[in-house]
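Peer 1: Got a structure for you, written out below as structure tokens; questions coming shortly.
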Amino acid sequence: MSKASIVQYILVIFSLVVLIAAITMGYLGQRISSASYNTTGGITRKYYQQSTPVTASFIIAWGAIYIWNLANSIYLTVALFLPDHKSPLKQDPPLLSNYFFIAHTIAFACTLVWVLVFDRELLEVSLVVIIVCLVSVYVAISLSCKQLADGIESGRVDETTSKNMIWCVRILTQNGLGVFRHLDHHCYFAQYGDCYNLQE
């Protein structure tokens, strides 16, 4: 077992702060305010495609994703203070590395940036932001799956004594990011369609 480093503390807490900022921006994106010109739903209706889901379904889906990933971020923040054998961050090496938290932070920072650029109808820029978000989510998922699998296979993580920790990482972290990736894929194709239609 190893102690969480100062860098880990900073990355985990910063990741939580960015996620909360992304949730706040997502909420504000549904309202016209001093920081926005349009609503996300209004722009979606303006560039409507047959594949575009109803705004309410997007709100419900994003709400579920944000709640799931917020629960994960809170768990990982609490894990900084758990006993060594119960914390995925205090394994040697950690089951969720600093690179994971960098990718995680970039992914949710992209959702925050996307709301701002989509609000200003910069469709090509918002497509690039979604691509960066997708790549970051894939990197985060890959890192977490590889590190957990390596820990179990090498025997560093005992499946009997660390069962709760393993399932928290699988359900909260990996599945939470997996659902996020799924909806982000849909956003990519919808955004690509917007950009394609704009060129015609």
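Coordinate-derived values only; no laboratory data. It should be emphasised that the depicted structure is a prediction, and the values quoted were computed from it without experimental measurement. All Cβ positions, glycine included, derive from the backbone under ideal geometry; neighbour counts span all protein chains shown.
Peer 1: ³J(HN,Hα) across the stretch 81-96 via Karplus (A = 6.51, B = -1.76, C = 1.60, θ = phi - 60°), whole Hz, x for Gly/Pro?
Peer 2: 10, 6, x, 3, 6, 9, 10, x, 8, 10, 7, 10, x, x, 6, 10
Peer 1: Additional query: Just to check I understand the Karplus step: with θ = phi - 60° and J = 6.51 cos²θ - 1.76 cosθ + 1.60, what whole-Hz values come out for the stretch 65-70, glycine and proline as x?
Peer 2: Working through the residues one at a time gives 5, 5, 5, 4, 6, 5 Hz.
Peer 1: So if R0 is 30 Å, what FRET efficiency would residue 122 and residue 175 give, r being the distance between their Cβ atoms, rounded to the nearest 0.05? Intermediate results must be reported in sequence, preceding the final value.
Peer 2: Values: r = 32 Å, r/R0 = 1.07.
That pair, residue 122 with residue 175, gives E of 0.40.
Peer 1: First measure r as the distance between the Cβ atoms of residue 9 and residue 59, then evaluate 1/(1 + (r/R0)^6) with R0 = 35 Å and state the FRET efficiency to the nearest 0.05. Show your work: numbers first, answer last.
Peer 2: Working: r = 34 Å, r/R0 = 0.96.
E(calc), rounded to 0.05, equals 0.55.
Peer 1: Hey, what do the phi angles of the stretch 161-167 turn into as Karplus ³J(HN,Hα) couplings, whole Hz, using 6.51/-1.76/1.60 and θ = phi - 60°, x for Gly and Pro?
Peer 2: Working through the residues one at a time gives 7, 10, 4, 4, 5, 4, 6 Hz.
Peer 1: To the nearest 0.05, how large is the calculated FRET efficiency for residue 183 and residue 149 if R₀ is 25 Å and r is the Cβ-Cβ distance?
Peer 2: Numbers: r = 25 Å, r/R0 = 1.01.
In this case the efficiency is close to 0.50.
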